[in-house]
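Asker: Below is a structure I'd like to ask you about.
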Amino acid sequence: MRALFIQQDHTSPLGPVGERFASHGYDLVEFNVVSGENAHSPNVSVEFPDPLDFDLIIPMGAPWSVYDDERIGNWIGPELELLGTAHDAGIPIFGICFGGQALAAATGGSVHRAPDAEIGWYAIETDDSDLVGSGPWFQWHYDQFIAPSNATTFARTPIGPQAFTLGRSLGLQFHPELTASTLDLWLLNGGEESMLNHGLDPAGLLRETQAGTDEAAARTYELVDRFVARVVNADVVSRINAPAAP
């Protein structure tokens with residue numbers, strides 16, 4: 001079995017998500033969309049792999065917005081088409097943050113600016129704790145998805161939705177792959193300035209993340225296990241003719 005990890009930028013290590021999918025027998029294939037040298041001019045031209053060559057697709061996070069055509073318009077359309085094609089073919093998708101938003105947009109939903117940023121570790125309200133527990137889960141986002149009308153949105157914070165399922169696909173707003181080393185990488189690539197601009201403490205968040213490493217990895221392993229057991233084995237639900245969310 002082959003799992004395609006779509007790494008939107010150069011700061012997206014697979015972390016415990018990759019580790020756990022590998023333990024389920026998946027061969028991990030990493031595809032980088034925007035390299036480090038293009039990080040400040042990300043509107044590159046990209047030839048994506050054929051989604052039908054894979055048994056699982058994991059679109060990951062990004063520092064950009066799904067709707068930002070000026071910055072990523074050359075490749076976001078093809079990526080949404082890839083996700084829609086995979087979903088319609090019944091290939092499971094595990095969307096992470098930007099990847100979860102892209103999954104929503106590709107299947108008839110939408111993406112909008114959130115009423116506030118969420119940065120740090122947050123507990124979430126979940127209607128299906130046997131699939132996605134209450135966390136805490138790591139958040140770093142400024143946008144929110146509205147899942148398509150034929151999806152089931154079952155987790156949220158006061159800011160917005162956190163998880164939805166549609167057939168064999170799961171979209172998440174949070175970052176289950178996050179480790180302390182990944183956070184350190186994000187802080188070094190503009191995250192520290194962003195946190196300070198929001199009145200947040202980067203060093204404190206890094207210490208909190210380091211202290212909770214083992215517990216966070218265990219939650220992620222459990223999430224991946226449940227996704228494989230429940231969502232991968234679900235019925236196929238097509239986006240075709242599904243009404244778009246308002």
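The values are calculated or read from the model by the stated rules, or taken from the named source; none is laboratory data. Note that the structure is predicted; figures quoted are calculated from it, not measured. Here the Cβ is made from the backbone with ideal geometry for all residues, glycine too, and neighbour counts use every protein chain on show.
Asker: Identify the single condition in (1) under 17 Å from D127 (Cβ atoms); (2) at pLDDT below 95; (3) not charged (D, E, K, R) that S194 does not satisfy, given that it satisfies every other one.
Answerer: Result: S194 passes all but (1).
Asker: Being of a type outside the set (A, V, I, L, M, F, W, C), in contact (Cβ under 8 Å) with a residue 24 or more places away in the chain, over 27 Å from M1 (Cβ atoms) and surrounded by 12 or more Cβ atoms within 10 Å (Cβ to Cβ) is the filter here; which residues of the range 36-59 pass it?
Answerer: Scanning the range 36-59 gives P42, N43.
Asker: When you go through (1) at pLDDT 95 or above; (2) hydrophobic (A, V, I, L, M, F, W, C); (3) touching a Ser or Thr at 6+ places or on another chain (Cβ under 9 Å) one by one for F54, which number turns out not to apply?
Answerer: (3) is the only condition that F54 fails.
Asker: Restricting attention to the range 111-160, which residues are more than 21 Å from P16 (Cβ to Cβ), of a type outside the set (A, V, I, L, M, F, W, C) and assigned to a strand (DSSP E or B)?
Answerer: Matches in the range 111-160: H112, R113, P115, D116, E125, Y142, D143, Q144, T152, T153, R156.
Asker: Among the listed residues L183, L166, L205, which satisfies the condition of being buried (at least 18 other Cβ atoms within 10 Å of the Cβ), over 16 Å from the mean Cα position of the chain (by Cα) and either modelled with pLDDT of 95 or more or acidic (D, E) (or both)?
Answerer: So the residue among L183, L166, L205 that is buried (at least 18 other Cβ atoms within 10 Å of the Cβ), over 16 Å from the mean Cα position of the chain (by Cα) and either modelled with pLDDT of 95 or more or acidic (D, E) (or both) is L205.
Asker: Can you name every residue in the range 131-149 that is surrounded by fewer than 17 Cβ atoms within 10 Å (Cβ to Cβ) and at pLDDT 95 or above? Working first, answer last.
Answerer: We begin by selecting, within the range 131-149, every residue surrounded by fewer than 17 Cβ atoms within 10 Å (Cβ to Cβ); these are 134, 142, 149.
The answer is S134, Y142.
Asker: What number of residues within the range 1-38 are small (G, A, S), within 20 Å of E79 (Cα to Cα) and assigned to a loop (DSSP other than H, G, I, E, B)?
Answerer: Initial filter on the range 1-38 (small (G, A, S)): 3, 12, 15, 18, 22-23, 25, 35-36.
Narrowing further to those that are within 20 Å of E79 (Cα to Cα): 3, 12, 35-36.
Now restrict to residues that are assigned to a loop (DSSP other than H, G, I, E, B): 12, 35.
Counting residues in the range 1-38 that are small (G, A, S), within 20 Å of E79 (Cα to Cα) and assigned to a loop (DSSP other than H, G, I, E, B) gives 2.
Asker: Does W64 qualify as being in a helix (DSSP H, G or I), of a type in the set (F, W, Y) and either touching a helix residue (DSSP H, G or I) at 6+ places or on another chain (Cβ under 9 Å) or closer than 28 Å to I119 by Cβ (or both)?
Answerer: It is false that W64 is in a helix (DSSP H, G or I), of a type in the set (F, W, Y) and either touching a helix residue (DSSP H, G or I) at 6+ places or on another chain (Cβ under 9 Å) or closer than 28 Å to I119 by Cβ (or both).
Asker: Also, I was wondering about something else. List, please: which pairs have Cβ atoms under 6 Å, are six or more places apart or on different chains, and start with a residue in the range 138-152 that is under 11 Å from Q173 (Cβ atoms) and end with one that is β-branched (V, I, T)?
Answerer: Filtered contacts from the range 138-152: W140/I119; D143/V111; F145/V111; A147/T153.
Asker: Taking into account only those residues within the range 91-102 that are outside any strand (DSSP E or B) and of a type in the set (A, V, I, L, M, F, W, C), which is surrounded by the fewest Cβ atoms within 10 Å (Cβ to Cβ)? Explain how you work it out, then say what you get.
Answerer: Let us first name the residues in the range 91-102 that are outside any strand (DSSP E or B), namely 91-92, 97-102.
Restricting the remaining residues to those that are of a type in the set (A, V, I, L, M, F, W, C) gives 91, 97-98, 102.
Working: I91: 21, C97: 27, F98: 29, A102: 28.
In this case the residue turns out to be I91.
Asker: Still on this structure: Test A105 against the criterion of being crowded, with 17+ Cβ neighbours inside 10 Å, in a helix (DSSP H, G or I) and in contact with a strand residue (DSSP E or B) (Cβ under 9 Å, 6 or more places away or on another chain), and give yes or no.
Answerer: When the stated conditions are applied, A105 passes them.
Asker: Restricting the search to the range 1-41, which residues are of a type in the set (D, E) and more than 15 Å from the chain's Cα centre (by Cα)?
Answerer: E19, D27, E37 - these are the residues of the range 1-41 that are of a type in the set (D, E) and more than 15 Å from the chain's Cα centre (by Cα).
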